[in-house]
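Asker: Please read through the structure below; I'll follow up with questions.
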Amino acid sequence: MPLDVVDLRSFYHSPLGEVTRRLVGRILRQRFSNCAGLSVVGIGYATPYLGVYKPEALRVLAFMPAEQGVVNWPSSGLSSSALVETHMMPLPDACIDRVLVVHALEGTEHPHELLAEIWRILTPGGRVLIVTPSRSGLWARLDTTPFGHGQPYSRSQLHQLMRETWFSPTHWTEALYAPPFKGRMLLRSTLAIERVGAFLSLPGAGIIIIEAMKQLYRPIMQRRLERAQQRWAPVFRPNVIAPLVRVGDD
């Protein structure tokens, strides 16, 4: 189950949450570096990372799962947030260029349906960035942060999930190498730990960030459709031969 939106907001208002926002947001901005004229949607609780795109993007929306709850975003001006069923988003096909998924994949009971819906709303060649807890990281083992709730993933599990939902992974990275503790000394040294961990590709990072592109074809579904058509295609099989009857016989 997803965390309540109040708990998520409280975490990002804390010193540890602010450090998390800076470290993760820097990576997300590097991957989605220029969204001028594009449509961007954040799914889950992505609002701490969406503000940077508002000045340049054509539109920026924040979709929050019904199980989680919703908060008004941004704090001033017209609201761009909405409470949605993540497997039935109120958008037409192929209308979004970039999707950012944060605190959503690990909390859903139906990850394939979530990703299939993202595939539907993305434009051809559209890209998605997914942030999810790492199965091998300390952050997934402690429930003191949002990344300690829900289903963590390994890289191989994410890769398989992407393939099954018609996405092509194009970039992988990890973040949050420092443990999720709130001590002042540790928070001050987090940036240095992060740089060393990323440079040496150390094990035990707290999250995995995967970027993937929408495939234009669905070969798996096509094969299933062909098999279904073959299974139900009418076939003439003369198994029964009617007896001959001579004219005039009673």
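Asker: Name the residue, out of L83, L78, that is over 14 Å from V131 (Cβ atoms), open to solvent by 80 Å² or more (accessible area, probe 1.4 Å) and over 19 Å from the mean Cα position of the chain (by Cα).
Answerer: L78
Asker: Let me ask you something else. Please specify each residue of the range 1-34 satisfying the condition of being part of a loop (DSSP other than H, G, I, E, B) and out of contact with any strand residue (DSSP E or B) (no Cβ under 6 Å at 6 or more places or on another chain).
Answerer: Passing the criteria: M1, L3, D4, H13, S14, S33, N34.
Asker: Might you let me know whether the range 57-73 holds any residue that is open to solvent by 30 Å² or more (accessible area, probe 1.4 Å) and small (G, A, S)?
Answerer: yes
Asker: Now a separate question. List the pairs whose first member sits in the range 89-103 and is surrounded by 19 or more Cβ atoms within 10 Å (Cβ to Cβ), whose second member is polar (S, T, N, Q), and whose Cβ atoms are under 7 Å apart, counting only residues at least 6 apart or on separate chains?
Answerer: Final answer for the pair search is I96/S39; I96/T123; D97/S39; D97/T123.
Asker: Have a look at A175, A140 and point out the one that is at pLDDT 95 or above, surrounded by 20 or more Cβ atoms within 10 Å (Cβ to Cβ), closer than 19 Å to E211 by Cα and more than 16 Å from the chain's Cα centre (by Cα).
Answerer: Of A175, A140, the one residue that is at pLDDT 95 or above, surrounded by 20 or more Cβ atoms within 10 Å (Cβ to Cβ), closer than 19 Å to E211 by Cα and more than 16 Å from the chain's Cα centre (by Cα) is A175.
Asker: Condition first: surrounded by 19 or more Cβ atoms within 10 Å (Cβ to Cβ) and free of Cβ contacts under 8 Å to residues at least 40 places away in the same chain. Can you find one or more residues in the range 158-165 that meet it?
Answerer: No; the residues of the range 158-165 include none that is surrounded by 19 or more Cβ atoms within 10 Å (Cβ to Cβ) and free of Cβ contacts under 8 Å to residues at least 40 places away in the same chain.
Asker: Another one. Just to be sure, is S154 in contact with a Lys or Arg (Cβ under 9 Å, 6 or more places away or on another chain), crowded, with 20+ Cβ neighbours inside 10 Å and modelled with pLDDT of 95 or more?
Answerer: Spelling it out, it is not the case that S154 is in contact with a Lys or Arg (Cβ under 9 Å, 6 or more places away or on another chain), crowded, with 20+ Cβ neighbours inside 10 Å and modelled with pLDDT of 95 or more.
Asker: Still on this structure: Go through the range 104-137 and count every residue that is surrounded by fewer than 20 Cβ atoms within 10 Å (Cβ to Cβ) and touching a Pro at 6+ places or on another chain (Cβ under 8 Å).
Answerer: Residues in the range 104-137 being surrounded by fewer than 20 Cβ atoms within 10 Å (Cβ to Cβ) and touching a Pro at 6+ places or on another chain (Cβ under 8 Å): 2 in total.
Asker: Take the residues of the range 204-221 that are open to solvent by 50 Å² or more (accessible area, probe 1.4 Å) and assigned to a helix (DSSP H, G or I): which is modelled with the highest pLDDT?
Answerer: That would be P219.
Asker: Identify all residues within the range 91-126 that are among the charged types (D, E, K, R) and under 16 Å from L58 (Cα atoms); write none if there are none.
Answerer: Selection gives D97, R98.
Asker: Pairs only if they're at least six apart or on different chains, beta carbon under 7 angstrom, first in the range 27-53 and within 18 Å of G125 (Cβ to Cβ) and open to solvent by 20 Å² or more (accessible area, probe 1.4 Å), second part of a strand (DSSP E or B) and not small (G, A, S); list them, first residue then second.
Answerer: So the pair list comes out as R31/L129; R31/H171; R31/E211; L38/D97; L38/R98.
Asker: Could I ask something else about it? Identify all residues within the range 144-178 that are touching a helix residue (DSSP H, G or I) at 6+ places or on another chain (Cβ under 7 Å), of a type in the set (V, I, T) and not in a loop (DSSP other than H, G, I, E, B); write none if there are none.
Answerer: If the condition is that a residue be touching a helix residue (DSSP H, G or I) at 6+ places or on another chain (Cβ under 7 Å), of a type in the set (V, I, T) and not in a loop (DSSP other than H, G, I, E, B), then T173 is the only one that fits.
Asker: Just the residues that are open to solvent by 60 Å² or more (accessible area, probe 1.4 Å), within 15 Å of L23 (Cβ to Cβ) and among the charged types (D, E, K, R), please, taken from the range 183-203.
Answerer: The answer is R188, R195.
Asker: Here is a further query. How do the strands (runs of 3 or more DSSP E) wholly within the range 42-113 filter down when requiring 1 or more residues that are of a type in the set (G, A, S) and touching a strand residue (DSSP E or B) at 6+ places or on another chain (Cβ under 6 Å): which remain?
Answerer: The strands (runs of 3 or more DSSP E) meeting that bar are 59-65, 81-84.
The values are calculated or read from the model by the stated rules, or taken from the named source; none is laboratory data. All values derive from a computational prediction rather than experimental measurement. Counting neighbours? That spans all protein chains shown, and the Cβs are built from the backbone with ideal geometry, glycine included. Accessible surface is based on the protein model in full, side chains and every heavy atom, while ligands, DNA and RNA are left aside. Shrake-Rupley method; radii C 1.70, N 1.55, O 1.52, S 1.80 Å.
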